[in-house]
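The values are calculated or read from the model by the stated rules, or taken from the named source; none is laboratory data. Here the structure is a predicted model, which means the values were calculated and not measured. All Cβ positions, glycine included, derive from the backbone under ideal geometry; neighbour counts span all protein chains shown. These area figures cover heavy atoms from the full protein model, side chains too; ligands, DNA and RNA do not enter into them. Shrake-Rupley method; radii C 1.70, N 1.55, O 1.52, S 1.80 Å.
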Amino acid sequence: AGFYERLQKYILTPAQLKENGFPEFVPGEPDTVTMKKSDTFLQNQSNVRTCVRCATRFLISDNGKTRCQHHWGRSFRNSDFYLSPPEPFSGCGCRSRSSGCVIAECHVYEDNKFTDVHGYVCTTEGTGVEEEPGVYALDCEMVFTTAGSELAKVTVVDQDLKVVYDKVVKPGNRVINHNTRFSGLTEKDLRGVTTSLQDVQDDLLRLFNDKTILVGHSLDQDLLLVHRTVVDTTVVFPHRMGPPYKKGLKKLCEDYLGKRIQSKVSGHDSAEDASACMELMLKKVY
Ligand SMILES: [Zn+2]
Ligand SMILES: [Zn+2]
């Protein structure tokens, strides 16, 4: 069987999509989605945010008045800071959870992931006859803006690990932190960029149809895309403590591919991350 067929058994079920925070349209309201909220988000009042780096709760109007002391190597991307497993942070290697190893000027938050429920698009039905739905791995890089966490780069690789789409995206709001350590993006990379999130959505809807298998690590709502044929490496390769804990992509690559990724000081490389997800699945099924 081909790769597409072999991946079938790893495609998330509707219940798994829901449990893992994937958005789904609200019945009767094709423009509006709903998704599982993080506990951190649910605890905040409207004018309060929780920093996703240091877990400080603060009034939005006070951001920048206290510094953000955090561990940059948070072991996985999750809005619930306290879900980090009680082991060294995978990136910075610190053992203590209390005192952070990096200090930044302001806190960052991503509540907008749960409040921005409009603007979603949905992959459309493939014709099935002439078109091969395909398997693609996808990685998104985010930056922090005055609105929260916003898309700043998308990379798609095919099953031969060839980059078929790679775009830097202009965030809709003013950037307050480029999140360079993770995004690999600097102020310079975003300068002059005019590609919008909507442009990316249009491009991806041409590249994928609803049968296309999208592979990724914690593929959630970054793209404002509703897609239900998903293979998520955080689910295929679960953390030994079970959900909601997730193994980082870096650790998965060390354990299953014997390979080091995300070791660049210049930050993560979205093509490297997307390829790593594809390689993990190739390794799993062949
Ligand atoms: Zn902070
Ligand atoms: Zn640290």
- Confirm whether LYS246 is at pLDDT below 90, farther than 15 Å from GLU141 by Cβ and not assigned by TED's automatic domain parsing to the domain that holds VAL102. yes
- Message: Can you confirm whether GLN221 is polar (S, T, N, Q) and open to solvent by 30 Å² or more (accessible area, probe 1.4 Å)?
- Response: no
- Among the residues of the stretch 175-192, count how many are open to solvent by 50 Å² or more (accessible area, probe 1.4 Å) and at positive phi. 1
- Query: Can you tell me which of VAL33, VAL52 is surrounded by 19 or more Cβ atoms within 10 Å (Cβ to Cβ), of a type outside the set (Lys, Arg) and modelled with pLDDT of 85 or more?
  - Reply: VAL33
- For residues in the stretch 64-96 being within 19 Å of SER38 (Cβ to Cβ) and modelled with pLDDT of 65 or more, which is farthest from ligand 1 (Cβ to nearest atom)? HIS71
- Task: Search the stretch 11-26 for residues being of a type in the set (D, E, K, R) and either without any contact (Cβ under 8 Å) to a residue 40 or more places away in the chain or closer than 19 Å to ASP116 by Cβ (or both), and hand back the single one that is least open to solvent (accessible area, probe 1.4 Å).
- Result: GLU24
- Going through the stretch 159-177 one residue at a time, which ones are without any contact (Cβ under 8 Å) to a residue 40 or more places away in the chain and touching a Phe, Trp or Tyr at 6+ places or on another chain (Cβ under 8 Å)? VAL175
- Message: Considering only the stretch 193-204, I want to know if a residue exists there that is touching a helix residue (DSSP H, G or I) at 6+ places or on another chain (Cβ under 9 Å) and surrounded by 22 or more Cβ atoms within 10 Å (Cβ to Cβ).
- Response: no
- Pair list, Cβ under 7 Å, 6 or more apart: the stretch 100-127 residue of a type in the set (A, V, I, L, M), other residue in a loop (DSSP other than H, G, I, E, B) and more than 16 Å from ligand 1 (Cβ to nearest atom): VAL121/LEU224
- Item | Residue list for the stretch 157-202, restricted to those being in contact with a strand residue (DSSP E or B) (Cβ under 6 Å, 6 or more places away or on another chain), within 19 Å of MET278 (Cβ to Cβ) and among the hydrophobic types (A, V, I, L, M, F, W, C) | VAL157, VAL163, VAL164
